[in-house]
Amino acid sequence: QVQLVESGGGLVQPGGSLRLSCAASGSIFSINAMGWYRQAPGKQRELVAAITSGGMPNYADSVKGRFTISRDNAKNTLHLQMNSLKPEDTAVYYCNLEGRRLGAVTTRVFWGQGTQVTVSS
């Protein structure tokens, strides 16, 4: 099994910052892209940011210039530094990765359980 555990969510005032982390563990053979998605109440899950195994990031237009995604391949961890947070950033944030389990012949996507981020005064 592959487990993804997110941490770092919470309540923050508008303009504040949070740093999300995601730790991947279990029977991982290889990891390709990793990413952060979010889902606000009544809305579809959307991509926030993703990063390739080589470190190339990709951001949603709504977070460009405010969020920074990074990963540590040696530790199988993923981070999202979120600055200048806005109320519309309020959502459950999910970590995901595309990778291959030990013994598997194909890659698949794995998801974490999510962490709540609330931006409110």
Integer Hz, Karplus 6.51/-1.76/1.60 couplings in order for segment 20-33, x for Gly and Pro: 8, 10, 9, 10, 9, 8, x, 8, 9, 8, 7, 10, 9, 6
Pairs of alpha carbons in segment 67-121 whose separation is greater than 12 Å (percent): 75 percent
Total charge dipole magnitude, the chain, about the Cα centre, Cβ charges on Lys, Arg, Asp, Glu only, Debye to nearest 20: 140 debye
Sequence of 47, 18, 78, 102 when ordered by accessible area, the most exposed leading, probe 1.4 angstrom: 102, 47, 18, 78
Nonlocal amide H pairs with residue 16, under 5 Å, H built at 1.01 Å: 85
Whole-number D in µm² s⁻¹ for the chain, Kirkwood Cα-pair radius fed into Stokes-Einstein, 25 °C, 0.890 mPa s: 170 µm²/s
Whole-number Å³ per residue for the convex hull built on Cα positions in segment 1-68: 120 Å³
Reciprocal mean inverse distance between Cα atoms of segment 43-96 - Kirkwood radius, Å: 12.1 Å
Trypsin sites (Lys or Arg not before Pro) restricted to segment 51-87 and DSSP loop, no more than 15 other C-beta within 10 Å: 64, 66, 75
Residue-normalised accessible area of the chain, given per residue in Å² at a 1.4 Å probe: 54 Å²
Portion, in percent, of the accessible area of the chain that falls on carbon or sulfur, probe 1.4 Å: 49 percent
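The values are calculated or read from the model by the stated rules, or taken from the named source; none is laboratory data. Keep in mind that what you see is a predicted model, and the values were worked out from it rather than measured. With ideal geometry, Cβ positions are generated from the backbone for all residues, glycine too; neighbour counts draw on all protein chains shown. The protein model used for the area step is the full one, side chains on, heavy atoms only, and it has no ligands, DNA or RNA in it. Shrake-Rupley method; radii C 1.70, N 1.55, O 1.52, S 1.80 Å.
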